[in-house]
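Student: Take this structure, written in structure tokens, and hold onto it; I'll ask about it next.
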Amino acid sequence: MFVLQLAVAGIAIGSVYALIALGIVLIYKCSGVVNFAQGGYAMLGAFITYGLTSVGLPSVIALVLAIAVMGGLGALTQILVLRPMLKAPVVAVMMATLGILITFRAVCLLIWGPDQIGFPALFPIGAIELSGIFMTYNYIAAFLLSAILCAGFLAFYHYTPIGLMQRCTADNTRAALAVGIHVSNQVTIAWTASAMLAGLGGALLASLNGLSLGLSNIGLVAFPVIVLGGMTSLPGAVVAGLVLGILQAVTDGVLTPAIERFLREHTDIYSVGTLQQVIPYALLVLVLLVRPQGIFGTKESERV
């Protein structure tokens, strides 16, 4: 029953991971660029939500406004910073996204400081019990909101005209240009959606774990998620996010205490630290060794 309790909490966290990873996959599909700034957008979205609540706005309104601000910031980033680098090497563009992450951290450090902040409650305080499993409203709401938005985003991507243009741009840029699709605009839309997803995911994580500059590290957790699911697979990012969330929760609640008990009985070591933070990267290495294209990814072939 305890493991099931951990799995439920892991699913809630994993659904937020999936939300953030979706944005990284979306940008990679459209432009071939790995966005290292995704964690920065998540952190900044959470801090903006906190700042708006600090001036008296209700939490829900503050969250909606913060998501809108993040969407505008994502669009401006693509137009002002990345679009001029259209002919630059992909590595240079990725380094630019890393610079954006560092800039966001510096801005948040300057305004809000380095200490962890108590994030305002986005959802009612309390918990319910179902078959012996306790679930707080915070975790339930985070899961439901993330799941609904993931499903809605996937449906939008597959069944709307904009989604069709996004997929065409992702599959073949030259073909998209040939049929009259404005590729640069589609990339801007991808950055806008990615920043909005990250901002929401950051606020949800802050509501569960508190707010600090360390929230930007969620981008590093999202990379194993997209590699596990497949770099170009949106459904894969969702499934991999849930799997990773469950693995982290079970590692923290079961595996880490068991290892520490064994070490204390047989050695002078008393702690293995935050082992759950190692799991994503161990899983990343395993996937790269066994199936480099990810669970839902496909092998690419090149005509020579």
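Student: Among the residues of segment 268-278, is any closer than 19 Å to L6 by Cβ, modelled with pLDDT of 80 or more and part of a helix (DSSP H, G or I)?
Tutor: The answer is no, given that none of the residues of segment 268-278 is closer than 19 Å to L6 by Cβ, modelled with pLDDT of 80 or more and part of a helix (DSSP H, G or I).
Student: For segment 135-145, check the following and say yes or no: at least one residue is more than 21 Å from the chain's Cα centre (by Cα), outside any loop (DSSP other than H, G, I, E, B), modelled with pLDDT of 85 or more and surrounded by 11 or more Cβ atoms within 10 Å (Cβ to Cβ).
Tutor: no
Student: Suppose the filter is surrounded by fewer than 19 Cβ atoms within 10 Å (Cβ to Cβ), under 21 Å from the mean Cα position of the chain (by Cα) and of a type outside the set (K, R); does G113 pass it?
Tutor: Taking the combined requirement at face value, the residue does not satisfy it.
Student: Which condition breaks for L149 when tested against (1) loosely packed, with under 12 Cβ neighbours inside 10 Å; (2) closer than 30 Å to L6 by Cβ?
Tutor: Looking at each condition in turn, L149 falls short on (1).
Student: What residue, of I11, I27, is among the β-branched types (V, I, T) and buried (at least 24 other Cβ atoms within 10 Å of the Cβ)?
Tutor: Values: I11 fails: buried (at least 24 other Cβ atoms within 10 Å of the Cβ).
Of the residues listed, the single one that is among the β-branched types (V, I, T) and buried (at least 24 other Cβ atoms within 10 Å of the Cβ) is I27.
Student: Determine, yes or no, whether G163 is in contact with a helix residue (DSSP H, G or I) (Cβ under 8 Å, 6 or more places away or on another chain) and either crowded, with 17+ Cβ neighbours inside 10 Å or farther than 17 Å from V238 by Cβ (or both).
Tutor: In short, no.
Student: Select, from T53, T103, T49, T77, the only residue that is within 28 Å of G294 (Cβ to Cβ) and polar (S, T, N, Q).
Tutor: Values: T53 fails: within 28 Å of G294 (Cβ to Cβ); T103 fails: within 28 Å of G294 (Cβ to Cβ); T49 fails: within 28 Å of G294 (Cβ to Cβ).
That would be T77, the only listed residue that is within 28 Å of G294 (Cβ to Cβ) and polar (S, T, N, Q).
Student: Name the one entry in M196, M231 that is in contact with a Gly (Cβ under 9 Å, 6 or more places away or on another chain), of a type in the set (A, V, I, L, M), outside any helix (DSSP H, G or I) and on the phi < 0 side of the Ramachandran plot. Can you show your working first?
Tutor: Details: M196 fails: outside any helix (DSSP H, G or I).
Checking each option against the conditions leaves just M231.
Here is a yes/no grid of residues against (1) crowded, with 16+ Cβ neighbours inside 10 Å; (2) closer than 16 Å to L6 by Cβ:
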site	(1), (2)
A240	yes, no
V243	yes, yes
L247	yes, yes
P257	no, yes
F262	no, no
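Student: Only residues in segment 271-290 that are under 17 Å from A21 (Cβ atoms) count as the first member; pair them with residues that are surrounded by 14 or more Cβ atoms within 10 Å (Cβ to Cβ) and polar (S, T, N, Q), Cβ under 6 angstrom, at least 6 apart or cross-chain, and list the lot.
Tutor: Going by the 6 Å Cβ cut-off, the qualifying pairs are I279/Q248; I279/T251.
Student: Let me ask something additional. What pairs come up if the first residue lies in segment 140-151 and is in contact (Cβ under 8 Å) with a residue 12 or more places away in the chain, the second is not in a helix (DSSP H, G or I), and their beta carbons are under 7 Å apart, counting only those six or more places apart or on different chains?
Tutor: Listed by first residue and then by second, the contacts come to A141/F123.
Student: Next question. Being over 27 Å from G40 (Cβ atoms) and not in a helix (DSSP H, G or I): is that true of I181 here?
Tutor: Considered against the rule, which asks whether it is over 27 Å from G40 (Cβ atoms) and not in a helix (DSSP H, G or I), I181 comes out as yes.
The values are calculated or read from the model by the stated rules, or taken from the named source; none is laboratory data. Everything numeric here is computed off the predicted structure, so don't read it as measured data. FYI the Cβ positions are ideal-geometry reconstructions off the backbone, even for glycines, and counts take in every protein chain you see.
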